[in-house]
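See structure below.
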Amino acid sequence: MRRMPTPAFDPERFRREARAVVDWIADYWRTLEPRPVRSQVAPGDVRAQLPPHAPNEPEPLSAVLADLDRVIVPGLTHWQHPAFFAYFPASTSGPSILGELLAAGLGVQGMLWSTSPACTELETHVLDWLRELLGLPERFASSGVGGGVIHDSASSGLLCALVAARERATHLQSNRHGLAQTERPLVAYASAAAHSSFDKGARIAGLGDAWARRIAVDARGRMDPGALAAAMDADLAAGRVPCFVCATVGTTASGAIDPVPEIAAVVARHGAWLHVDAAWAGAAALCPELRPPLVAGAEAADSWGFNPHKWLLVNFDCHALWVADRTWLVQALATRPDYLRNAATDSGGVVDYAEWQVPLGRRFRALKLWLTLRMLGAEAIRGRIRAHVAWAGEFASWVAADPRFELLAQPSLSLVCFGLRAGDAASRRLLDRLNAGGTAFLSQATVGDRFALRLAVGAALTERRHVEAVWAEFSRLAAEAAQSA
Ligand SMILES: *Cc1c(COP(=O)(O)O)cnc(C)c1O
């Protein structure tokens, strides 16, 4: 009997169709600039153009690509657009996408060392490279009791660090794993400007909002170590266990950098776990001249994480997390059912990354980091980061020199928070008008008690002229608003 071709897994068909998809992507990049940065569709517009039921019969790729152009692309906000300055960048690069494609093509599950040894070892190795490139302390190297792991997101990294901290704190009181609350509640701390993933992590880890404390910040958005010490001391005196402190290097609103060395001294007095969330800013530690404030105090941290998927030209998702002592993470998350039993795990001589994360299965994410670092080289990545920082600095100087505008926070790396001196309502209207124009896209933040426009430079395609153009547009719109007022 003749073997039927398997359309789902036919190498020759894939070769042909993959080329068409790669061409489609290359054309998309080439034609990004004239498109409106932000999607213009209304809720429901996209679904209204999709058939109500899934097809029974196969359709050709050409039909799908036609719908991609017709239905999907108009419903996109173009995160890779050179004038995308909102939130934080979700940067990507050709090599990273090729790594993603290879990961999908190989289709391996790297949950255990034994389920695909190269998947685990490449990840360990590339994170050792990255640790060295960022100038992070030796204690995070895999050669000791620490090491790195790739998570999907900074939120997952924080959750796992918190669960490891919980394990360490409760281990001292009982030998039952995974215990969130004993008679003495565990308490976690982060600054008022820390990311919302802190609250989410505390809820999931069973501490809850009640025992997730937000610590006051100074005028520049940095955690006040004195207020942290007071809160931890008060909790201890009340019979609670100060368990986990998350310091932020580069807050989401304004890029503020917590004083990690001072925080570490407070944390050490309580024997609590210190986690550093450097999700966005961490990438800049690749540049030695930008590094010192970003890694200060890291030698006292129990865990340190950042998102290569934000500013390191690696596509989403890729969060790098290092722990100084993997014991607690593994003790908290290892379950070791019979059906996964294998000689390598039993030997104790390998890393099983399923024990460092929430899901069991895991993708071969190290490939995209490996291809990005190898095919671009660290120096080219540094060059992009330096350019972004320099252009943001120029933008900040234009803001500062214009009497209509003011800086609302000290510029941080490639992030500038600013507003109109005419007040928050005027700033809000200005942002709405700029975004409605479609030539650029920015988001907002609350800085102090002010409404701030927030320019985050970091898309791989951004050039200086795009930063100049968005300033010219702000200037024009501000003049127009003054005229009509
Ligand atoms: C972006 C960001 C996060 C959350 O990142 P995810 O990877 O999307 O979970 C956490 N902390 C900070 C400081 C961030 O900027």
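Peptides 285-296, 123-134: what's the order by average Cβ count within 10 Å, highest mean first?
Working: 285-296: 17.1, 123-134: 20.1.
Highest to lowest by the protection proxy: 123-134, 285-296.
Between amide H atoms placed 1.01 Å from N, distances below 5 Å from Val187 occur with Val241, Cys243, Phe244, all of them 5 or more places distant or on a separate chain. The residues of the chain have, on average, 46 Å² of accessible surface per residue, using a 1.4 Å probe with all protein chains present.
Derived scalar couplings between HN and Hα for segment 217-234 equal 10, 7, 4, 9, x, 9, 4, 8, x, x, 5, 5, 4, 4, 5, 5, 4, 5 Hz in order, rounded to whole Hz, by the Karplus curve 6.51 cos²θ - 1.76 cosθ + 1.60 (θ = phi - 60°), x for Gly and Pro. Karplus-derived 3J(HN,Hα) values for segment 417-429, using 6.51 cos²θ - 1.76 cosθ + 1.60 with θ = phi - 60°, are 10, 8, x, 8, 4, 5, x, 4, 5, 5, 5, 4, 5 Hz; glycine and proline are entered as x. Each peptide in 229-242, 445-458, 406-419 receives the mean, over its residues, of other Cβ atoms within 10 Å, and ordering these scores from highest gives 406-419, 445-458, 229-242.
Protein heavy-atom surface of segment 108-363, 1.4 angstrom probe: 56% of the accessible area is carbon and sulfur, with nucleic acids and ligands not counted. Placing a pseudo-label 7 Å from each Cα along the Cα-to-Cβ vector at Arg341 and Leu179 gives an inter-label distance of 2.8 nm.
How much FRET efficiency would the formula 1/(1 + (r/R0)^6) give for His171 and Asp432, where r is the Cβ-Cβ distance and R0 is 56 Å, rounded to 0.05?
0.60
Computed from backbone phi, the HN-Hα couplings of segment 472-485 come to 4, 5, 4, 4, 5, 5, 5, 5, 4, 5, 5, 5, 7, 7 Hz, rounded to whole numbers (Karplus: 6.51 cos²θ - 1.76 cosθ + 1.60, θ = phi - 60°; Gly and Pro given as x).
Estimated from helices alone, the mean residue ellipticity of the chain at 222 nm is -13000 deg cm²/dmol (sum of -39500 (n - 2.57) over DSSP H runs with n ≥ 4, per residue). Of the three principal axes defined by the Cα atoms of the chain, the extents in descending order read 79, 66, 45 Å.
For Gly208, the residues whose amide H sits under 5 Å from its own are Arg203, ignoring neighbours fewer than 5 places away on the same chain, with H placed 1.01 Å from N.
Can you work out the FRET efficiency for the pair Ala66 and Thr6, with r the C-beta to C-beta distance and R0 = 30 Å, to the nearest 0.05? Don't skip to the end; give the middle numbers.
Details: r = 25 Å, r/R0 = 0.84.
Calculated value: 0.75.
Convert 25 °C to kelvin, take the viscosity as 0.890 mPa s, use the Kirkwood radius over C-alpha pairs of segment 108-363 as Rh, and evaluate the Stokes-Einstein diffusion coefficient in µm²/s, rounded to a whole number. List each step's numbers first, then the result.
Working: Rh = 18.3 Å.
Stokes-Einstein gives a translational diffusion coefficient of 134 µm²/s.
Give me the percent of accessible area attributable to carbon and sulfur for segment 380-484, probe 1.4 angstrom. Intermediate results must be reported in sequence, preceding the final value.
Values: 2310 of 4390 Å².
Heavy-atom surface of segment 380-484 belonging to carbon and sulfur, 1.4 Å probe: 53 percent.
Peptides 54-62, 256-264 ordered by packing proxy, namely the average of other Cβ atoms within 10 Å per residue, highest first: 256-264, 54-62.
Once backbone amide H atoms are built at 1.01 Å from N, Arg35 has no partners under 5 Å, excluding neighbours fewer than 5 places away on the same chain.
What's the FRET efficiency of Glu33 with Ala118 using the Cβ-Cβ distance as r and R₀ = 56 Å, to the nearest 0.05? With R0 = 56 Å, the Cβ-Cβ based efficiency is 0.90.
The values are calculated or read from the model by the stated rules, or taken from the named source; none is laboratory data. What you see is a predicted model; the values in this text were computed from it and never measured. Positions of Cβ are generated from backbone atoms using ideal geometry, with glycine treated the same way; all protein chains shown enter the neighbour counts. SASA here: full protein model, heavy atoms, side chains in, ligands and nucleic acids out. Shrake-Rupley method; radii C 1.70, N 1.55, O 1.52, S 1.80 Å.
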